[in-house]
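For reference, the structure discussed in these notes is given below.
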Amino acid sequence: MNQASIHRSLAKSLQKNPSSEQLLQGFERRLAANYTLLQDQFFSLYPEESHSGTYDRLTGLLRSLFKERSHELQVQDLRRLEAGNWYQSEKWVGMQLYVDRFCKDLRTLESKVTYFQRLGVNFLHLMPITTRPQGPNDGGYAVNSYTEIDPRYGSEEDLIQLTEKFRAHGICLMLDFVVNHTSEEFPWALRAKEGDPYYQSFYYTYPDRHIPDLFEESLPEVFPETAPGNFTYIPEMSRWVMTVFNQYQWDLNYTNPEVFLSMLENLVHLSNKGVDVIRFDALAFLWKKIGTSSQNLPEAHRLIALFRLCLQTVAPGVIILAEAIVAPREIIRYFGEGILEGNECEIAYHATFMACLWNSIGTKKTRLLNKSLLEMPPKPKDCTWINYIRCHDDIGLGFDNDHIAALGWDPQAHRRFLVDYFCQRLEWSPAKGVVFMHNPSTGDGRITGSTASLLGLEKAMEDGDETGIQSSIERILMLYGIILASPGIPLIYAGDELGMLNDYSYLQEPDKIDDSRWINRPVHDWDAVAKLEDPATIASRVFRGLSHLIALRKQHPVLADQDNFLVHHSGNEHLFVFERGPGTAAGILVVANFDQRPQVINTTWLLKMGYVHDGKYRNLIGGKTSQVRSGLLEVMPYEILWLGKA
Ligand code: GLC
């Protein structure tokens with residue numbers, strides 16, 4: 001049973017302006033409602049026999065953490081509970097950005113609210129802003145603190161002020177919780193290096209290679225080119241420590257309940273800053289076990305549910321996003337299964353959808369996209385997706401091998417083709433991406449590059465090819481048009497709204513040169529923003545197209561995630577066709593053409609569904625009504641239609 005629905009009905013009985021006493025009562029009721037599930041999860045990971053008294057410490061901790069939360073946020077939590085699944089609304093449109101690359105610091109970001117409003121964005125994911133090592137720090141994902149703001153971004157007051165401004169303007173804030181690892185400079189790591197056994201047990205540390213070698217037999221490598229192996233020798237403490245990502249990121253040892261309790265405190269303290277959505281970074285890696293890949297383990301799911309049930313008790317308005325870029329059938333599990341259904345993360349990245357969209361660009365066909373979506377198990381109804389074209393990371397080709405094989409393709413050869421297509425190994429391809437983390441032992445590689453460059457804009461501009469430029473803009477708008485009409489929160493990477501190209505400046509920076517993901521984290525082009533009034537610039541063509549789509553999305557409640565999504569087989573392998581609100585008068589049929597030639601579909605079934613009427617159809621994008629010719633719906637190259645009913 002989804003615990004949130006219980007809390008929702010409990011919240012209804014609380015008054016409009018609750019006193020502190022009533023808010024505390026609300027907390028006690030939530031604790032009581034979550035108690036059994038919480039206890040079961042806790043003892044399944046930390047059995048009472050070996051950890052006696054720890055569970056009582058947890059409940060005591062929850063009470064004191066609740067008292068630390070501000071009255072304003074406690075009231076907001078109740079409003080959120082009453083509002084139900086607020087994150088499923090069609091009104092949300094997200095943007096992801098690095099504060100320093102976007103506009104310098106948190107103060108300046110406050111002044112950009114008008115820019116977000118102009119585009120229609122009201123959900124912001126700020127990339128890590130807390131303290132980190134001076135040298136390489138994985139874009140801030142090596143954390144020295146979970147709550148202390150890095151001075152380069154500003155101060156704690158700046159963040160509080162920003163969140164107040166965001167709340168006043170209805171902007172939702174998402175921040176990262178780097179739950180799997182800390183930096184090697186984190187206070188716990190420093191104590192461990194000094195030889196303190198209590199803090200050494202916060203990480204997976206070993207005096208020799210015996211256990212590390214056993215782990216290595218089945219642990220894959222995340223950054224094989226730059227950080228091969230999963231353990232690093234730390235001379236200060238004469239021990240090996242597990243470092244699955246980079247050598248300076250130490251994996252936390254959650255088999256130790258003290259780690260869980262301390263991280264829970266960090267999580268709530270972060271939430272108490274006024275954060276609405278917490279992105280659980282790299283959560284698939286949370287539990288490690290010799291003989292396994294140490295990804296997606298059942299214990300990791302229980303641990304996540306534990307975090308979720310605790311956070312929900314203390315701060316029920318705050319929700320969790322799963323950053324699980326894993327195999328399609330694994331992703332959906334982060335919403336929770338069985339008794340945990342709906343009790344893990346409310347949101348997850350739809351990484352499969354993202355990867356399949358790029359596959360369709362590369363192959364010009366939509367069969368894998370259709371198959372992957374159609375064969376995806378249904379998600380719990382209270383959960384939703386983040387839909388995105390690309391993020392700050394690489395594009396991993398995480399499709400299901402069986403799906404590729406079922407289409408008659410060899411999975412490995414197919415992935416190689418896609419990497420070649422997007423990473424400048426085929427002279428006829430318009431894409432200008434870069435190979436990321438080529439692994440010679442497996443032949444695997446991933447792709448980096450900005451949306452615009454991967455979709456041919458950079459090459460077309462270099463060639464002075466106006467047709468190519470127009471076609472790339474159409475591809476950008478088609479992909480965004482798809483995710484804006486899909487169930488979930490669409491997330492734009494900052495700069496994509498201006499058609500920004502690859503940023504090669506990382507090649508001049510020693511700390512970044514080995515990490516080509518920086519190519520797709522451009523410094524925001526405010527000069528282009530200043531010229532947005534000029535309809536002829538490329539930036540304004542993209543921006544206008546995108547802001548039109550965003551505004552349109554918000555006008556159609558059928559685009560909220562209400563379990564109302566249906567993929568259609570149109571009979572044309574170049575078209576991606578899906579419907580929102582099937583069988584309703586407000587339904588919308590989305591048709592996108594991934595081919596460079598016009599494509600058609602028979603209109604008989606569209607007539608039956610009500611999208612063709614009196615021989616005409618109406619595209620909500622642009623508001624044009626067109627005549628059916630020869631009984632066919634014509635879709636131009638890279639065109640996207642959102643068909644409404646007559
Ligand atoms: C996540 C982040 C990525 C980072 C990794 C390790 O996958 O998105 O940027 O490198 O976690 O923290």
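The values are calculated or read from the model by the stated rules, or taken from the named source; none is laboratory data. Since we're looking at a predicted model, the values are computed, not measured. Because the Cβ atoms are built from the backbone with ideal geometry, glycine has one as well, and the counts that use them run over all protein chains shown. Heavy atoms of the whole protein, side chains included, go into the accessibility calculation; ligands, DNA and RNA do not. Shrake-Rupley method; radii C 1.70, N 1.55, O 1.52, S 1.80 Å.
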Eligible lysines near Lys616 by straight Cα distance, threshold 17 Å, same-chain separation 8 or greater: Lys608, Lys624, Lys645
Candidate lysines for bridging to Lys432, where Cα separation is under 24 Å - those fewer than 8 sequence places away on the same chain excluded: Lys364, Lys365, Lys459, Lys512
Inter-probe distance in nm under a simple model that places probes 7 Å from Cα toward Cβ, at Arg152 and Ser5: 4.6
Sites Asp196 and Ala168, calculated FRET efficiency, Cβ-Cβ separation with R0 41 Å, nearest 0.05: 0.35
Rounded accessible area of His569 (nearest 10 Å², 1.4 Å probe): 130
Percent antiparallel among DSSP beta bridges (both partners in the chain, rounded to 5): 60
Too-long pairs where the Cα-Cα distance tops 21 Å, listed order kept, from Lys91/Lys112; Lys91/Lys165; Lys16/Lys165; Lys273/Lys554; Lys67/Lys381: Lys16/Lys165; Lys273/Lys554; Lys67/Lys381
Residue-span extension gain [Glu427 to Gln161] - 0.36 nm each, minus C-alpha spacing: 90.7 nm
Angle in degrees between helix 411-422 and the longest Cα principal axis of the chain, rounded to the nearest 10: 70
Spacing of the two label points (7 Å from each Cα toward its C-beta) at Arg329 and Met609, in nm: 2.8
Protein accessible area in region 122-266, 1.4 Å probe - carbon and sulfur %: 50
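Solvent-accessible area per residue for region 250-328 at a 1.4 Å probe radius, Å²?
On the way: 1360 Å² over 79 residues.
Roughly 17 Å² per residue, with all protein chains present.
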Computed label-point distance, nm, for sites Glu462 and Ile290 using a 7 Å Cα→Cβ extension: 5.1
Relative contact order for region 191-316, counting Cα pairs under 8 Å that sit 6 or more residues apart, in percent: 22
Stretch gain in nm, segment Asp213-Glu634, where the contour uses 0.36 nm per residue and the Cα spacing is subtracted: 145.6 nm
